[in-house]
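Report on one structure; see the data block that follows.
The values are calculated or read from the model by the stated rules, or taken from the named source; none is laboratory data. Just so it is clear, the model here is predicted, and its values are computed rather than measured. Backbone-built Cβ (ideal geometry, glycine too); neighbour counts: all protein chains shown.
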There are 2 protein chains.
Amino acid sequence: MATGAEFQKVPKEEVLRFCQSCMKVAGSSLSHGKQLAEVLMSADYRGHFSHGLNRLHVYVRDVQLNATCRDGAPEVLKETAATAWVDGKNLLGAVVGNYCMDLAIKKAKEAGIGWVVAKGSNHYGISGWYTLKALEHNLLGMSMTNSSPITVPNRAKKQVFGTNPISLSAPSSDGQSFVLDMATSTVSFGKDVVERKGSLQPLGGPEITGGYKGTGIMAMIEILTAVLSGGAVAGNVRQWLSTAEEANLGQLFVAINPECFAMDFEGRLADFLGCLRDLEPSSPDLPVVVAGDLARQHMKQVDEDGAIPYPKNLLISLNELAANLGVEPLKVVGPWLP
Amino acid sequence: MATGAEFQKVPKEEVLRFCQSCMKVAGSSLSHGKQLAEVLMSADYRGHFSHGLNRLHVYVRDVQLNATCRDGAPEVLKETAATAWVDGKNLLGAVVGNYCMDLAIKKAKEAGIGWVVAKGSNHYGISGWYTLKALEHNLLGMSMTNSSPITVPNRAKKQVFGTNPISLSAPSSDGQSFVLDMATSTVSFGKDVVERKGSLQPLGGPEITGGYKGTGIMAMIEILTAVLSGGAVAGNVRQWLSTAEEANLGQLFVAINPECFAMDFEGRLADFLGCLRDLEPSSPDLPVVVAGDLARQHMKQVDEDGAIPYPKNLLISLNELAANLGVEPLKVVGPWLP
């Protein structure tokens with residue numbers, strides 16, 4: 001949750017309008033720009049500010065420079081009832097991700113599980129956007145992606161892995177669903193401290209505290225996304241902000257139909273998550289939370305405020321972008337006061 | 001790798017003979033005892049001594065007390081071409097795991113992926129045993145299980161999660177395959193220091209260093225195993241060493257056919273892993289290794305020695321177990337000298 005008086009409020013619809021307008025001028029098709037706008041706005045709405053509007057300029061530039069394709073559709077290269085291999089055709093990650101997750105959902109309804117792997121994709125924003133789609137169909141959703149090198153494997157010196165996020169969303173009967181959405185590095189890229197420091201570590205940190213396990217998980221994600229799909233792998237992925245070559249990211253999208261397993265998945269998940277939330281906290285002021293709870297709290301606050309809080313510095317740079325593109329600046333509705 | 005003069009060497013075949021004999025006297029069917037013996041011996045052979053012979057007494061006692069069933073077969077409760085829901089019928093975890101992974105492999109060959117979830121299982125030894133089976137069929141294998149409460153979620157005080165291991169094995173064209181096999185707690189249960197301390201933390205440690213992510217991964221594994229299967233969930237799993245009730249563990253077994261995706265998976269994996277191993281190390285005496293490398297080094301050493309090294313203290317307690325059961329003691333072939 002953002003704090004401080006240096007924040008201004010922008011309604012969700014205005015965030016969408018702004019993103020779509022910028023992407024349209026950059027050259028994206030209307031549908032593609034709209035899909036990206038939804039992912040970025042959703043990130044900010046959920047409180048994942050590292051993956052929202054603050055990255056818009058990167059997508060704009062990629063499309064302007066033809067480093068990301070402006071229009072077209074992903075293509076299924078191979079398919080079974082439960083699996084698909086997709087070429088993302090270097091389209092926006094949001095477009096590839098939506099296509100693949102919709103396909104995984106369709107397969108899960110027919111075959112119990114849908115396991116869709118894409119190559120030729122781009123940065124797709126928050127991983128949770130795609131897995132949340134599965135919830136609307138009472139399915140579990142899972143997704144992973146590789147990304148530009150920033151994380152140094154244990155024992156090495158060089159940045160090789162991306163932040164390699166993983167997400168699992170699972171439906172709960174009380175609506176308080178499980179929504180895990182995390183980088184498998186210690187801190188997600190896009191947070192200030194980290195960007196200055198320059199390198200990330202795998203979850204677990206140094207080898208002595210288990211970083212070799214985080215290294216293993218990051219390699220696992222690389223294998224299930226890029227190696228399986230034939231995308232660019234680890235150190236071969238282009239640098240963040242580079243447009244010298246296609247990103248060619250590998251991504252995995254899974255949907256699982258709980259009806260193929262034990263009855264009343266949603267009720268049992270509600271029980272499990274409820275037990276976790278009811279655990280006595282080690283510090284009274286820090287209640288035990290479940291993946292997804294903090295995002296729900298943030299969305300509730302945004303809904304009450306009628307707008308998303310953004311730092312003034314970000315708004316200044318977004319409006320510079322808008323001026324360059326000839327797009328109307330973001331209309332704020334007033335200061336955000338915590 | 002074990003070190004010191006206080007080790008004795010036992011050939012692999014003798015380890016198998018010993019386990020099978022103990023399980024037979026305990027009451028297990030020959031086939032079930034043999035399956036357990038293979039998993040435990042394999043753990044020690046691979047250097048995972050926390051999950052091998054040192055746990056034999058637990059399985060023996062569970063079978064003796066009828067806390068684990070002695071004979072029978074798991075049962076498929078629901079099935080699609082790509083999925084199955086299995087009741088492990090409270091059989092040995094090794095028996096349930098072998099059954100489920102064989103089924104997942106069969107489904108992956110037919111449908112591209114096999115996703116098999118079991119309830120009613122027991123501790124199944126090293127997770128990697130099951131995923132390695134997939135490699136024999138040129139498939140990727142993945143497995144997860146929940147286990148008895150020992151890990152304290154971030155912000156909580158109570159042991160809720162087990163060690164919740166995850167494994168991925170993936171075939172490489174050079175035979176140096178990827179074999180991730182890890183607890184998602186900071187340290188695997190069964191290691192001395194930890195048992196004395198009494199509690200584990202999720203990977204990442206305290207919240208400030210990312211332990212909330214490890215907490216999320218452990219909850220994810222709980223959901224994909226126990227919640228999906230209808231097994232006992234997290235804090236409801238019986239305590240380690242308790243026989244008051246059935247363990248009713250939940251487990252997931254996945255096999256993935258890489259032929260459904262990009263060509264030459266094995267070649268690309270070999271390239272990726274080779275790049276990792278060739279990274280310049282931050283300390284010259286600590287080369288960068290890939291999940292599975294240390295186990296292969298250990299197996300090579302065992303093969304050269306013709307035997308597995310065990311600490312004398314463990315052999316003493318195993319031979320006490322044997323004396324109680326009326327089983328011939330372990331035949332050592334001499335001291336193990338590093």
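Couple of notes before you dig in:
- For the range B:260-283, the tally of residues that are under 30 Å from A:Cys260 (Cα atoms) and free of Cβ contacts under 8 Å to residues at least 60 places away in the same chain stands at 2.
- Complete set of residues in the range A:252-304 that are acidic (Asp, Glu) and outside any loop (DSSP other than H, G, I, E, B): A:Glu259, A:Glu266, A:Asp271, A:Asp293, A:Asp303, A:Glu304
- Hey, A:Ala255 in contact with a Lys or Arg (Cβ under 9 Å, 6 or more places away or on another chain) and in the same structural domain as A:Leu103 (by TED's automatic domain parsing) or not: yes
- Residue in the range B:182-189 that is of a type in the set (S, T, N, Q), at pLDDT 90 or above and not in a helix (DSSP H, G or I) present: yes
- If only residues of the range B:42-64 that are assigned to a helix (DSSP H, G or I) and under 13 Å from B:Ala295 (Cα atoms) are counted, the one that is modelled with the lowest pLDDT is B:Phe49.
- For beta carbons closer than 7 Å, sequence separation of 6+ or different chains, a first residue in the range A:169-188 that is closer than 30 Å to A:Ala234 by Cβ and a second that is crowded, with 23+ Cβ neighbours inside 10 Å and of a type in the set (Lys, Arg), the qualifying pairs are A:Met182/B:Lys213.
- Residue match in the range A:146-156 (condition: more than 23 Å from A:Ala295 (Cα to Cα), outside any loop (DSSP other than H, G, I, E, B) and without any contact (Cβ under 8 Å) to a residue 24 or more places away in the chain): yes
- Hits in the range B:218-232 - residues which are touching a helix residue (DSSP H, G or I) at 6+ places or on another chain (Cβ under 8 Å) and farther than 17 Å from B:Val86 by Cβ: B:Ala219, B:Glu222, B:Ile223
- First in the range A:74-87 and in contact (Cβ under 8 Å) with a residue 12 or more places away in the chain and within 7 Å of chain B (Cβ to nearest Cβ), second anywhere and surrounded by fewer than 17 Cβ atoms within 10 Å (Cβ to Cβ) and among the charged types (D, E, K, R), Cβ under 6 Å, 6 or more apart: A:Trp85/A:Lys78
- Some residue of the range B:80-88 being closer than 21 Å to B:Cys19 by Cβ and not assigned by TED's automatic domain parsing to the domain that holds B:Cys22: yes
- Breaking point among (1) closer than 26 Å to B:Ser148 by Cβ; (2) without any contact (Cβ under 8 Å) to a residue 60 or more places away in the chain, for B:Leu16: (1)
- Any hit, the range B:217-227, residues being within 8 Å of chain A (Cβ to nearest Cβ), more than 18 Å from the chain's Cα centre (by Cα) and assigned to a loop (DSSP other than H, G, I, E, B): no
- Applying the set (1) touching a helix residue (DSSP H, G or I) at 6+ places or on another chain (Cβ under 9 Å); (2) more than 26 Å from B:Tyr45 (Cα to Cα); (3) surrounded by 20 or more Cβ atoms within 10 Å (Cβ to Cβ); (4) within 14 Å of chain A (Cβ to nearest Cβ) to B:Gly235 leaves exactly one unmet item: (3).
- Number of positions in the range B:138-180 that are farther than 30 Å from A:Pro281 by Cα and within 11 Å of another protein chain (Cβ to nearest Cβ): 12
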